[in-house]
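This report refers to the structure that appears directly beneath it.
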Amino acid sequence: MRLTADVWVSAYLTRLRLSDIPAFVTQKGDATAGAVLVKMNTLDGQAVAYQRSFDLMTGERCWMVLSEGVEADVDAALTRQKGFDPDLWVIEVEDKQGRHLLDEPGLSD
């Protein structure tokens with residue numbers, strides 16, 4: 001059974017907070033089935049946006065890069081995605097070291 005989007009977002013924000021990594025919900029999507037995008041802002045003008053995807057080779061869910069580079073370009077990509085999907089969640093993580101914790105167990109579910 002998959003977690004609802006709002007429960008996953010809440011758990012993710014809690015993990016980040018416990019690691020002293022600031023994060024903010026910049027767009028709240030559908031509570032039950034909204035897709036989640038994570039923007040990793042390294043506070044140096046660069047950013048990476050991640051989206052959850054399905055790995056056809058392994059059958060598992062994983063995080064894939066949606067856009068990366070200059071923060072303004074990443075923001076433009078996120079704006080386009082919001083235009084396609086009004087139920088979308090966007091979380092912005094701010095960490096100079098680039099820590100997003102998406103590679104930790106349980107966060108690809």
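FYI, it's all coordinate maths here, none of it is from the lab. Quick caveat, the model's predicted, so the values are computed rather than measured. Quick reminder, even Gly has a Cβ in these numbers, built from the backbone with ideal geometry, and neighbours come from all protein chains shown.
This model, with +1 at the C-beta of Lys and Arg and -1 at the C-beta of Asp and Glu, gives the chain a dipole about its Cα centre of some 200 debye. With a/c under 1.5 counting as rounded, go ahead and sort the stretch 55-109 into rounded, prolate or oblate using the C-alpha gyration tensor (a ≥ b ≥ c being the square roots of the eigenvalues; past the cut-off, prolate if a/b is larger than b/c, else oblate). Oblate, because a/c is 1.5 or more while a/b does not exceed b/c.
Give the Rg/Rh ratio for the chain, taking Rg as the radius of gyration of the Cα atoms and Rh as the Kirkwood radius, to two decimals. We get a ratio of 0.94 for the chain.
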